[in-house]
Structure formats: structure tokens, C-alpha cells
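Worksheet: the structure to be examined is printed underneath.
The values are calculated or read from the model by the stated rules, or taken from the named source; none is laboratory data. The structure displayed is predicted, hence computed values, not measured ones. Cβ placement follows ideal geometry from the backbone for every residue including glycine, while neighbour counts extend to all protein chains displayed. Just the protein is used for accessible areas: all its heavy atoms, side chains included, with ligands, DNA and RNA removed. Shrake-Rupley method; radii C 1.70, N 1.55, O 1.52, S 1.80 Å.
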Amino acid sequence: DRIVICSVVPPLTDRLEEMLADYVAVDPLIVSHQLCTGLTFAVDSPAEVGADLIADAVAAFDRVRGPCIVVDFGTATTFTAVSGDAVFLGVAIAPGVSLAASALAGGTAQLPQIRLALPPKAIGTNTIHAIQSGILHGYAGLVQGILARFLREMGGKPTVVATGGLSQLMAPLTGAFDIVDP
């Protein structure tokens, strides 16, 4: 009896709305900065905030009921900061882990596309393990560094949440997460 669309591809959002109008007698709820979610925005342009980031922020704040940082390991690796009074403070965006691995393989002549898995040790003794180490341990360092900066800027002790498809692979590499919810 309800449909919610959380899309970061505007042309597809419009098509989904059109399709639903043809097949279902329910108006979809479109996630955007204009939707009443309980969040307010302290960013320069709330219209630029992706629906995925809004959904992450709303879900995390609803779960912890306090200040939080959401790290979403998706196509991009995003860091979203929410204050204790439900203010969307801002975001950091980096290329996602899989995207970085694909770019490395596609942008070099001899490095292959690899399966993202933790190698047996940080010092790779073959090409696959070397790439796995560089990508996964490198991203663990990126996560720790950005989180340290967010924590300094936010003050207090926000709850740190990992989500997204690679959260279960990445979370143990940092020890930085209070909650892991793919």
C-alpha cells in the first residue's frame, strides 16, 4: 500500500514514477531533501544531497537516536555526519572500493581485475595479493583518517555505522565501527 523510491539516477526516477502510475494506484514517496524525514540540513545546497545519503542518515539516526556517522561502502564510499538533534551536517565522498579496483585494472596494462578478499598478509607476494592488500588496507586507512577528522569536527562520541555491500569485508579492518548493518 506504499511505495518508496530512493534513486540517485534522476532519469530513472522519472521513469519509475511513470511506470508506477500505469500499473499501480499508489503515488510513490520520493526520497529527497524535500521529504519530511525529521532531518534538517546544514549543507550549502540540500538539493545536491543524494537520496542514498538521506536514507543512510535517516536510518542511522532512527536506530541510534543521537549523533552518528554513516560510512556507506557502495559504488562510492561515503561518510555522512548527523548531529544529535538530527541535523545533516555534511558528507565526504571517495571512490568506492570496487570502483577503485576496477579503475586500477582498467587504467593499467598488466594489473588484472581481482576478487575483493582479504589477502593473507599486508605484504603481497603475488600480484593478486598485492592488489588486494593495497585496495583493502588502503581503504581501511582512508576510512580511519576521514573518521578521525569527522570525530574531531563533531566532538563528543557519535555512533559510527558501517553499511553497504562491502561493509562486512571492510569493517573488521578498521575497528572503527559501533554498528555494522549491510
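FRET efficiency for the ARG2 to ALA47 pair, using the beta carbon distance and R₀ = 25 Å, is estimated at 0.55.
Long hydrophobic helices in the chain, taken as whole DSSP H segments with a C-alpha length of 27 Å or more on their own axis and mean Kyte-Doolittle hydropathy at least -0.5: 127-154. Within the chain, what whole-number % of the accessible surface is contributed by carbon and sulfur, with the 1.4 Å probe and all protein chains included in the calculation? Result for the chain: 55 percent of the exposed heavy-atom area is carbon or sulfur. Whole-percent P(r), the range 55-139, all Cα pairs, 10 Å bins from 0: 17, 35, 23, 19, 5, 0. Sorted on the mean count of surrounding Cβ atoms within 10 Å across their residues, most packed first, peptides 121-134, 78-91 read 78-91, 121-134. Selection among GLY175, SER83, ALA101 by position relative to the dipole of the range 73-182 gives ALA101 as farthest towards the positive end (Cβ unit charges, Cα centre).
Taking each residue as 0.36 nm, the span from HIS137 to LYS121 lengthens on full extension beyond its C-alpha to C-alpha distance by 4.8 nm. When +1 charges are put on Lys and Arg Cβ atoms and -1 charges on Asp and Glu Cβ atoms, the dipole computed for the chain relative to its Cα centre reaches about 960 debye.
Spin-label model, ALA109/ALA94: points 7 Å from Cα along the beta carbon direction are separated by 3.0 nm. Sorting the segments 107-113, 165-171 by their residues' average number of neighbouring beta-carbon atoms within 10 angstrom, most packed first, yields 165-171, 107-113.
The residues of the range 29-182 have, on average, 50 Å² of accessible surface per residue, using a 1.4 Å probe with all protein chains present. Here, the chain is characterised by an Rg to Rh ratio of 1.03, where Rg is the alpha-carbon radius of gyration and Rh the Kirkwood radius.
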